[in-house]
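Only one structure is covered here, and it is reproduced in the block below.
The values are calculated or read from the model by the stated rules, or taken from the named source; none is laboratory data. None of these values were measured; they are calculated from a predicted model. In this analysis, Cβ positions are derived from the backbone assuming ideal geometry, glycine residues included, and neighbour counts consider all displayed protein chains. The accessibility values were calculated without ligands, DNA or RNA, using every heavy atom of the protein model including side chains. Shrake-Rupley method; radii C 1.70, N 1.55, O 1.52, S 1.80 Å.
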Amino acid sequence: MKRTAKPEFLRPPAFAYQCAVRGGAQPALFCESVALERLAASHGTPLYVYSAAMIRERIRAFAHAFRSVPHTLCYSVKANSSLAILRLIARAGAGFDVVSGGELERVLRVDGHAAKRVVFSGVGKTVPEMELALRAGILLFNIESASELEALAETAARVKRQAAIAVRVNPDVSAKTHPYISTGLHEHKFGVPIPEAGTLYSKAAKQPYLRVAGVSVHIGSQITDVSSFAAALERVAGLVRTLRTEGHDIRYVDAGGGLGISYEGAAENFAQRISAYARAVLKPLRRSNVHLLLEPGRSIVGPAGVLLTRVIYRKTNNSRRFLIVDAAMNDLLRPSLYRAYHEIVPVTRSAEDTETTDVVGPICETGDFLARDRELPVVREGDLLAILDTGAYGAVLGSNYNTRGKPAEVLVDGAKARVIRDRESVRDQMRLERL
Ligand code: LLP
């Protein structure tokens with residue numbers, strides 16, 4: 001389809017309204033060169049659509065912002081673990097942060113050589129998961145307790161593989177984000193308080209199959225005030241100095257993930273955001289001479305995805321208006337779970353008028369909403385909406401509640417679009433059950 005010159009970007013460089021020269025003058029939302037209306041017509045809704053160009057661009061922006069130091073980007077698989085997206089990220093040269101044996105298997109499936117760029121985080125690694133990671137030969141285990149350290153020492157000795165370890169410290173720094181996704185305070189289950197970390201390092205140093213290699217920290221997610229990162233890394237840098245004077249060979253600092261994105265309002269200037277983040281992380285480490293590991297998830301894939309949904313019905317209860325759409329909390333949990341805000345836009349812009357409405361799914365729960373009291377352009381039944389910034393913690397948090405199949409997913413690259421996950425059928429859902 002031929003298009004007019006001036007796209008109006010919602011999330012550059014991928015999502016923009018463009019005017020088709022043929023097929024109507026109304027601006028329609030595109031992902032790269034593909035009209036979203038066309039994807040919804042071919043693959044149905046709800047439908048997740050991702051932009052490959054945007055993911056690549058964000059990885060490049062990270063590499064550029066941290067170019068002054070040796071570093072490895074370990075994309076946090078939990079944000080979006082689709083195989084096609086993991087392969088795209090592996091091909092862009094990044095490594096991975098995994099939190100389960102399952103995530104590690106996904107990574108190994110897309111790139112048999114990726115293990116040396118994998119860090120393993122999480123408070124509850126099991127012995128079988130440790131064994132899998134040891135045999136694969138991952139880069140680093142982030143250890144979160146004395147018991148876990150012991151379990152890893154035993155497992156490594158049994159399978160006769162060396163494990164490089166970092167202790168994930170809890171710096172007692174507030175991330176100033178939603179309490180459910182804040183991890184860096186002593187009240188949280190994560191990490192080891194800095195004053196107690198020294199004991200774990202001494203224990204580790206005595207174990208023949210453990211090799212002390214780094215210090216790790218992660219204080220939370222969707223952090224927009226970068227001073228929290230600086231505060232955490234000041235403490236980490238102090239610990240690195242102490243550990244080195246005690247004779248430990250600290251090569252790596254793993255700064256975790258957590259960089260926030262703009263869910264509300266105009267598109268962010270990512271280059272600016274990432275350079276402020278890099279300054280906050282690098283300044284405390286400037287004399288540390290370490291190899292930096294970064295575990296971003298949301299900031300790589302979040303704005304690179306939208307969830308397409310169709311309006312099934314319009315409805316009014318007294319004066320309250322509802323748009324009942326075919327996506328629900330089982331497809332996108334963030335609004336229900338965190339009261340998270342996701343911008344919603346009509347895929348074809350026709351109406352000038354707006355109205356205040358709730359956007360809700362068909363699930364039998366009052367908590368099943370995608371937006372509340374939202375001012376939106378007036379749309380009709382059958383119209384298509386795009387829920388923005390759903391590339392991270394969207395599909396991965398999906399469930400089969402109400403026996404709803406998980407949506408199909410499409411990856412767009414330039415003018416090409418391909419299904420990277422089929423829509424789940426009821427048969428798929430019943431496959432593991434027995435009568
Ligand atoms: N590293 C560790 C150890 C983590 O726990 C996380 C996220 C990350 C890296 C990646 O953080 P990111 O760069 O994506 O902020 N479901 C929630 C977010 C949970 C984040 C959990 N940990 C949400 O939808 O907001």
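In the chain, if the dipole is taken from +1 on Lys/Arg beta carbons and -1 on Asp/Glu beta carbons about the Cα centre, which of A61, V281, A114 is farthest to the positive end?
Positive-most Cα among the choices belongs to A114.
Mind checking the dipole of the chain: about its Cα centre, +1 per Lys or Arg Cβ, -1 per Asp or Glu Cβ, Debye to the nearest 20?
Dipole magnitude for the chain comes out near 1240 debye.
Considering only protein heavy atoms, what per residue accessible area in square angstrom results for region 172-295 with a 1.4 angstrom probe?
Roughly 46 Å² per residue, with all protein chains present.
Of the accessible area of the chain, with the probe set at 1.4 angstrom, what percent is carbon plus sulfur?
50
Assuming a viscosity of 1.306 mPa s and a temperature of 10 °C, what translational diffusion coefficient in µm² per second does Stokes-Einstein assign to the chain, Rh being the Kirkwood radius over Cα pairs?
The calculation lands on 69 µm²/s.
Using Cα-only point scatterers and the Debye equation, what is log10 of I(q)/I(0) for region 300-435 at each q in 0.09, 0.17, 0.18 Å⁻¹, rounded to two decimals?
-0.28, -0.96, -1.06
Per DSSP H run of n ≥ 4, the term is -39500 (n - 2.57); total these for the chain, divide by its residue number, and report the mean residue ellipticity at 222 nm rounded to 500 deg cm²/dmol.
Helices in the chain give a 222 nm mean residue ellipticity of -8500 deg cm²/dmol.
Could you tally the net charge around A52, taking each other residue with its Cβ under 13 Å from the Cβ of A52, Lys/Arg +1 and Asp/Glu -1?
Neighbourhood net charge equals +3.
For the chain, what's the relative contact order in percent, using C-alpha pairs closer than 8 Å and at least 6 residues apart?
Answer for the chain is 18 percent.
Give the range of the longest stretch in the chain that excludes all trypsin sites (Lys or Arg not before Pro) found in loop regions by DSSP and having at most 12 other beta-carbon atoms within 10 Å.
Free of exposed loop sites, the longest segment is 68-159.
Report, in degrees rounded to the nearest 10, the 0 to 90 angle that the Cα long axis of helix 127-136 makes with the longest principal axis of the chain.
Compared with the principal axis, the helix lies near 90 degrees.
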